[in-house]
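Heads up, the thing below is written out as structure tokens.
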Amino acid sequence: MNFENSKTKENLARAFVTECTDGARYQFMAKDAKAKGYGFISNQLKMIAKNEMAHAAVFYNFILCNGKNDCECAACGTQNIDVCAGLPFTSYVLPEGLKLTSDTEKYESDTLYKEFEETALKEGFKDIAKAFHHVVQVENCHHLMLGEYFAKMKSNTLYRMKQINKWKCSYCGTEIEQKEAPKVCPLCSYEQGYFMVPTSDE
């Protein structure tokens, strides 16, 4: 199929806008997390924001190079693409923002990008389908991570475990073995919110 007339071209544009929106929201969330003393989660949110912008760049380049990932033409480009998409304008304030963005990531991984992958395959754009496939996996990881942070924050177990745990300061690297993360790092004096939060996949 001709790329210019394909549904995949529209899907790439929608995916680009979606990822840019998500990236901005995570930056807002990171700022809120840091203001509330959650330095580690703030840094994790910044990392997710970078992931989203990396996805946006992949989608953008596919549009510029007409569905090819090996184009070296500096003159590539396209005319305006009308994008019709429902974009979630949800709260980014913690802890509720973690749950809302986790739900958004689940929709993107389980529904939106899987549909885009299937369409790309049907239209013969294997490279684009592969890119959507990989993004599905990343967005699912985001969904699980954010959902777990939210659950821990709501149950007041973000920095408290039933068993002895190795808590590592994300700023200086100090490790402490106890049930609860120290209120203040004994080495760098950074607050508890800079200790790494363990998740079930670790």
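Only the coordinates and a few stated rules stand behind these numbers; no lab work does. Since this is a predicted model, take the numbers as computed values, not measurements. Quick reminder, even Gly has a Cβ in these numbers, built from the backbone with ideal geometry, and neighbours come from all protein chains shown.
Return the lysines within reach of K114: Cα separation strictly under 30 angstrom, same-chain partners fewer than 8 residues apart disregarded; answer none if there are no such residues.
Once the sequence-local lysines are set aside, what remains near K114 is K7, K9, K46, K50, K68, K99, K106, K122, K126, K130, K152.
Once whole DSSP H runs in the chain are found, which of them have Cα atoms spread over 15 Å or more along the helix axis and a mean Kyte-Doolittle score of at least 0.0?
Counting only whole DSSP H runs, the qualifying helices are 39-64.
R0 = 35 Å: FRET efficiency of T111 with I176, Cβ-based, nearest 0.05?
Calculated value: 0.25.
Quick one: length gained pulling T199 to T157 fully straight, 0.36 nm per residue minus the C-alpha distance?
Extra length available between T199 and T157 comes to 14.0 nm.
Over region 134-202, calculate the relative contact order: mean separation of alpha carbon pairs under 8 Å at least 6 apart, over the residue count, as a percent.
26 percent
Taking the convex hull of the alpha carbon atoms in the chain, what volume per residue do you get, in Å³?
Spelled out: Cα convex hull of the chain, divided by residues, is 133 Å³.
Which of Q178, Q137, Q163 moves the most in a Gaussian network model of the chain with Cα springs under 10 Å?
Q163
What is the chain's relative contact order, in percent, from Cα pairs under 8 angstrom and six or more apart in sequence?
20 percent
So for the chain, taking the charge dipole from beta-carbon charges (+1 Lys/Arg, -1 Asp/Glu), which of A57, L158, A30 sits furthest toward the positive end?
Of A57, L158, A30, it is L158.
Taking 30 Å as R0, compute the FRET efficiency from the Cβ-Cβ separation of E118 and T90 and round it to 0.05.
After rounding to 0.05, the efficiency reads 0.65.
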